[in-house]
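Structure record follows, encoded as C-alpha cells.
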Amino acid sequence: MQFDQLKRREVITLLGGAAAWPLAARAQQPALPIIGFVDGGSFYAPWSNTFRKGLNEVGYFEDQNVTVESHWLDGQYDRLPPLMADLVRRRVAVISTGGAPAALAAKAATTTIPIVFGVGIDPVELGLVASLARPGGNATGINFFVAEVVAKRLGLLHDLVPKALRIAVLVNPANVTSAETTSREIPEAARAIGLQVQVLNASTGREIEEAFATLARDRADALFVAPDLFFQSRRVQFATLAARTIPAAYSIREFVEAGGLMSYGTDRADMYRQVGVYCGQILKGVKPVELPVVQLSKFEFVINLQTARAIGIEVPNSIQLLADEVIE
C-alpha cells in the first residue's frame, strides 16, 4: 500500500514537472524586437503592407521574429512628443517614421535608438543627417522628394489650365517644414511661367472651408495644395469643395482618387518598401551610419478625367499620354 502511494506521488510529481517545463520555457523566450511605426495617416495603411514586404526581404516577419507597432497621426502633430517619449521609454528596437514632423520628433527624442525615416524634404536641410552618403548619428532613411518637384507640379497644373494666371497656394502653418518650403519654392516657380501667387493658411477643417471661400471671393483661377498630413486626411473635403469650382493640384494620388483633378509626386509604395528593408537591416545589426540615405527617382502623374469634365476642362491627348494613370 505504501509502495502504491509512493508511486502515485512520483507520477503526480513527474506530471506536474512536465506541465511546468513548457511554462518555464515560454517565460525564458526573449521578447520580439519592436518597430515603432509612426506615420501620417491611416489612409496610408495599405502601403504599410509594402513596408512589411521590405522587412520580409531581409528575413523579418511580423509576429514571428518582429513586432510592428503602428501609430497613425492623421495630421495630429501635437501627439508626436508624448508618443516618441513613450517609444523611447520602452526602448523599442527601431523607430520608423513617415513625414518630416515625425522624423524631427523622433530625432529630438533620442540619440541612441535607430531611426529610419521617409521624408519629402532634403534630410540634410532638416538636420536629420550630416550628409546623404554618410548620415552620421542614429538616423537614416529615404528622401522621396516633395519640395523638389514643386515647379514640375505647378507646371503640369498650368498645362492643364493654360488660361489660369492667379494661383492660390494653400499651406498648413502647423506643418512648419512643408509650409516654409512651399512658400519659399513656389514664387520662383510661378514667376518662371508668368503666374501670380496668393498664399492661404489652414490647419483645421473650418479653415479649409474659409480658404475656399477666400479664393472664390478673390477669383483665383487654380489651387495648389502643399503636401501635408492633415490635408491628406481631409482629401474628401478638398475634393468636395473643389468639385465643379476650381482646378487643384496635389502631391499624392489619394486626392485624385477622392475626386481631385491631378497629382504629381513620388511613388510612395517604393518608399515604404525601402524603409522596411532598412529597418530589417538594422535589426540584423547594421548601424544607421552605415546606410546611406536613398533618394527615390520614380514619380507618378495622375489625372481624374471625370473631375476635369465637371470643371469644364478638356484634357489634351498629349497630356493624357504623359500621365501614369488616367482615372475615368
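The values are calculated or read from the model by the stated rules, or taken from the named source; none is laboratory data. In this text, all values refer to a predicted model and were calculated from it rather than measured experimentally. Cβ sites come from the backbone with ideal geometry, for glycine too, and all protein chains shown count toward neighbours.
Observations on the structure shown:
- If only residues of the stretch 70-85 that are at pLDDT 95 or above and within 22 Å of Ile282 (Cβ to Cβ) are counted, the one that is surrounded by the most Cβ atoms within 10 Å (Cβ to Cβ) is Met84.
Residue by residue, here is whether (1) surrounded by fewer than 16 Cβ atoms within 10 Å (Cβ to Cβ); (2) closer than 26 Å to Val150 by Cβ; (3) not aromatic (Phe, Trp, Tyr) holds:
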residue: Ser48; (1), (2), (3): no, no, yes
residue: Phe61; (1), (2), (3): yes, no, no
residue: Arg91; (1), (2), (3): yes, no, yes
residue: Gly98; (1), (2), (3): no, yes, yes
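- Selection from the stretch 87-131 of residues that are out of contact with any strand residue (DSSP E or B) (no Cβ under 7 Å at 6 or more places or on another chain), under 18 Å from Ile35 (Cβ atoms) and not hydrophobic (A, V, I, L, M, F, W, C): Arg89, Arg90, Arg91, Thr110, Thr112
- Residues (basic (Lys, Arg) and at positive phi) located in the stretch 53-86: none
- Those residues of the stretch 297-328 which are in contact (Cβ under 8 Å) with a residue 24 or more places away in the chain and of a type in the set (Lys, Arg), in sequence order: Lys298
- Cβ-Cβ under 9 Å pairs, at least 6 apart or on other chains, the stretch 202-214 side on the phi < 0 side of the Ramachandran plot and outside any helix (DSSP H, G or I), far side modelled with pLDDT of 95 or more and among the β-branched types (Val, Ile, Thr): Ala202/Val171; Ala202/Ile208
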